[in-house]
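What follows is a single structure, written as structure tokens, with notes after it.
The values are calculated or read from the model by the stated rules, or taken from the named source; none is laboratory data. Owing to the predicted nature of the structure, the values given are computational and were not obtained by experimental measurement. Positions of Cβ are backbone-derived with ideal geometry, glycine not excepted, and every protein chain shown enters the neighbour counts.
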């Protein structure tokens, strides 16, 4: 590690080499001539070699001094390039933003935010991981993503959570499927219908399973599907009753192509929003995205 005093000597050395004069270098750097002479002498003593030849016209580099100057010049150019890059990043908003969400939240909620954010911040590089909620929590904890769109986790005091509102799980089917069930007899939907659910490892499935247990519901015919979009498509084909997030099928419910199965006890709603780890210093890209979703709710 180069000390601050040595770095300052190197800068003064380069100034003298470029000016070929200690007095002019002193004027340019607002420092006294004796101070520059002392800095050069310290460098020469440290390196064990003479760097300048003094004469009545000023100074000129020795062969060793020329080598030192070329190396320092290249190093200072690298430093300047680094500084210019950082300034450019700040001026243009260049940076990297790492996001994560489940596939269904990504499609129905994250993408609309990204569309608007990218228009305002075209220079930010964005990566998106589509993972389950449990994997997303680990990605956050490991620092492998910056912000996650997810259902609000329970007992997570280390998470900052910005709520986008509540989501509601409902059971939906085509009207013709329900009409056919009624023709078969007086059995309940959960006794007679094909109940289509997300697979057991999914957080939404766990939420619905708790609902079943609390209300003593035991579906007789269960069909497990790995994704909610597929559940919606299965329901549209009329092969069963699917448990989905209501807002993601609101268009179909309004059109009447799907209907909501009434429940005597509704499933508890859940909060969904953006989350990131507390006590993490936000990057510029994170700050911009946070400002976007907090001020431009969809």
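This table checks each residue for (1) farther than 30 Å from residue 296 by Cβ; (2) without any contact (Cβ under 8 Å) to a residue 40 or more places away in the chain; (3) more than 37 Å from the chain's Cα centre (by Cα).
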{"site": "3", "(1), (2), (3)": "yes, yes, no"}
{"site": "7", "(1), (2), (3)": "yes, yes, no"}
{"site": "23", "(1), (2), (3)": "yes, yes, yes"}
{"site": "34", "(1), (2), (3)": "yes, yes, yes"}
{"site": "53", "(1), (2), (3)": "yes, yes, yes"}
{"site": "57", "(1), (2), (3)": "yes, yes, yes"}
{"site": "80", "(1), (2), (3)": "yes, yes, no"}
{"site": "87", "(1), (2), (3)": "no, yes, no"}
{"site": "104", "(1), (2), (3)": "no, no, no"}
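In the set 47, 12, only one residue is in contact (Cβ under 8 Å) with a residue 12 or more places away in the chain, within 18 Å of residue 73 (Cβ to Cβ), exposed (fewer than 13 other Cβ atoms within 10 Å of the Cβ) and in contact with a helix residue (DSSP H, G or I) (Cβ under 9 Å, 6 or more places away or on another chain); that residue is 47. If you go through the stretch 55-107 and keep only what is at pLDDT below 90 and not in a helix (DSSP H, G or I), you end up with 55, 56, 57, 58, 93, 94, 95, 96, 102. Here residue 271 clears all of (1) assigned to a loop (DSSP other than H, G, I, E, B); (2) within 22 Å of residue 130 (Cα to Cα) except the condition numbered (1). Residue under question is residue 190, and the condition is that it be crowded, with 17+ Cβ neighbours inside 10 Å, assigned to a helix (DSSP H, G or I) and in contact with a helix residue (DSSP H, G or I) (Cβ under 6 Å, 6 or more places away or on another chain); does it hold? Criteria not met by residue 190.
The residues on offer are 132, 176, and the sole one that is surrounded by fewer than 19 Cβ atoms within 10 Å (Cβ to Cβ) and outside the structural domain of residue 221 (by TED's automatic domain parsing) is 132. Do we find that residue 195 is modelled with pLDDT of 90 or more, within 24 Å of residue 279 (Cα to Cα) and crowded, with 16+ Cβ neighbours inside 10 Å in this structure? Considered against the rule, which asks whether it is modelled with pLDDT of 90 or more, within 24 Å of residue 279 (Cα to Cα) and crowded, with 16+ Cβ neighbours inside 10 Å, residue 195 comes out as no.
Looking at the stretch 115-125, can you tell me whether even one residue there is over 13 Å from the mean Cα position of the chain (by Cα), surrounded by fewer than 19 Cβ atoms within 10 Å (Cβ to Cβ) and within 15 Å of residue 164 (Cβ to Cβ)? Yes, because at least one residue in the stretch 115-125 is over 13 Å from the mean Cα position of the chain (by Cα), surrounded by fewer than 19 Cβ atoms within 10 Å (Cβ to Cβ) and within 15 Å of residue 164 (Cβ to Cβ). Considered as a group, the residues in the stretch 198-211 that are in a helix (DSSP H, G or I) and in contact with a helix residue (DSSP H, G or I) (Cβ under 8 Å, 6 or more places away or on another chain) include one that is modelled with the highest pLDDT, and that residue is 204.
Residue-level check: of (1) closer than 26 Å to residue 228 by Cα; (2) modelled with pLDDT of 90 or more; (3) part of a helix (DSSP H, G or I); (4) more than 17 Å from the chain's Cα centre (by Cα), residue 181 misses just (2).
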